Amino acid sequence: MQRLDGFMDKLGYSFRDESLLRRALTHSSWAVEQHRMGEDNERLEYLGDAVLEYLVSMRLYDAHPDMREGALTRLRAKLVCEGALAHAARSIQLGDYLLLGRGEEQSGGRDKDSLLCDAFEATLAAVYLDGGLEQAQRLVDTLVLTKEAEAAQVSTKDSKTAFQELVHADHTGKTIRYELVSEDGPDHSKTFTMRVMVDDIQWGIGSGQSKQAAGQAAAKMAIEAYLKACD
């Protein structure tokens, strides 16, 4: 019971029906070993996957009114991929609270991305069933849809490509151009400063040891500014 209390503190949600949380944290390997088939988290995982997709879809739909369906789908996929959800699970030390079978324990199951991802989805479903959609949304907002996470996922490609995809997602024909602002230093060790413009608006500025590096730095800043402007 104390361990569940500790996890609920990290989760920021106190369950009325703690059996839901126990089920969410129970891996099938433990249920098999204990001869308690059907008491694992797989059904909750199934529900949590659907709840997560709905909540993330609604948030992205509202946050990016100019983003087309394809870009929204790609962004959602990156935000709810196995690695991203495993990262969210680690941020609340979910692995420490799992019930695992001996084999899964010995093979490092507490830190496996796939297992953590599934348990996170199951935990989300448990929160949804116990506290409703509002509490589930709060959990998603806090652990999955942080602005830092969204910017990082959009930036998985090189920053110039990622920024171009963001700007052109609405198919309105905006023009992106990179302009040299300054060159400083001796010929053998110059520092270049570039800015990125969308039509006549500056969205980012950055410096580097080459024009390409400076352009990438400017695009990285522009991604953050563009996503913030879409809030």
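Computed on the range 159-229, with alpha-carbon pairs under 8 angstrom and 6+ residues apart, the relative contact order is 28 percent. For the chain, the longest principal axis of the alpha carbon atoms and the long axis of helix 2-11 meet at an angle near 30°. When Rg/Rh (Cα atoms, Kirkwood Rh) is computed from the coordinates, the matching label among (i) 1.12; (ii) 1.01; (iii) 1.05 is (i). For the chain, relative contact order (Cα pairs under 8 Å, six or more residues apart, normalised by length) works out to 19 percent. For the range 42-102, trypsin sites (Lys or Arg not before Pro) meeting the loop criterion (DSSP other than H, G, I, E, B) and having at most 15 other Cβ atoms within 10 Å: Arg68.
Using a Gaussian network model of the chain with C-alpha springs under 10 Å, which one of Leu133, Leu52, Leu21 is most mobile by mean-square fluctuation? In this elastic network of the chain, the residue with the biggest mean-square fluctuation among Leu133, Leu52, Leu21 is Leu133. If you run the Gaussian network model on the chain, springs between alpha carbon atoms under 10 Å, then out of Ser210, Ser57, Ser14 the most flexible one is Ser210.
Relative to the current alpha-carbon distance between Gln34 and Asp66, full extension at 0.36 nm per residue lengthens the span by 6.3 nm. For the chain, the longest principal axis of the Cα atoms and the long axis of helix 69-79 meet at an angle of about 60 degrees. Inter-label distance, Tyr46 to His168: 4.2 nm, where each label sits 7 Å from its Cα along the C-beta direction.
For the pair the range 1-74 and the range 155-231, the centres of their Cα atoms are 37 angstrom apart. Run through the DSSP bridge list for the chain and note the antiparallel percent, rounded to the nearest 5. Percentage antiparallel, nearest 5: 95. Put a plus charge on the Cβ of each Lys and Arg, a minus charge on the Cβ of each Asp and Glu, and nothing anywhere else: the dipole of the chain about its Cα centre is then about 380 debye. Only DSSP H runs of four or more residues enter the estimate; each adds -39500 (n - 2.57), and after division by the residues of the chain the mean residue ellipticity at 222 nm equals -18000 deg cm²/dmol. Across the range 36-41, computed HN-Hα scalar couplings (Karplus, 6.51 cos²θ - 1.76 cosθ + 1.60, θ = phi - 60°) run 10, 4, x, 9, 8, 9 Hz from first to last residue, x flagging Gly and Pro.
Its relative contact order, with pairs defined as Cα atoms under 8 Å and 6+ residues apart, puts the range 1-75 at 17 percent. The number of Lys pairs in the chain with C-alpha atoms less than 21 Å apart, excluding pairs fewer than 8 positions apart on the same chain, is 26.
Largest mean-square fluctuation among Val198, Val80, Val144, in a Gaussian network model of the chain whose springs join Cα atoms under 10 Å apart, belongs to Val198.
Inverting the pair-averaged 1/r between distinct Cα atoms of the range 159-229 gives 12.2 Å as its Kirkwood hydrodynamic radius. Axis angle, to the nearest 10 degrees, between helix 211-229 and the longest C-alpha principal axis of the chain: 60 degrees.
Which part of the range 114-145 falls in the paramagnetic zone of Tyr54, meaning amide N under 17 Å from the point 7 Å along Cα-to-beta-carbon? Taking a point 7 Å out along Cα→Cβ of Tyr54, the residues of the range 114-145 whose backbone N falls under 17 Å are 121-141. Here Glu183 and Asp158 are evaluated by their C-beta separation; at R0 = 22 Å the FRET efficiency comes out at 0.45.
Values in this text are rule-based calculations from the coordinates and carry no lab data. Computed from a predicted model, the values in this text were never measured in an experiment. Heads up, the Cβs are rebuilt from the backbone with ideal geometry, glycines too, and the neighbour counts pull from every protein chain shown.
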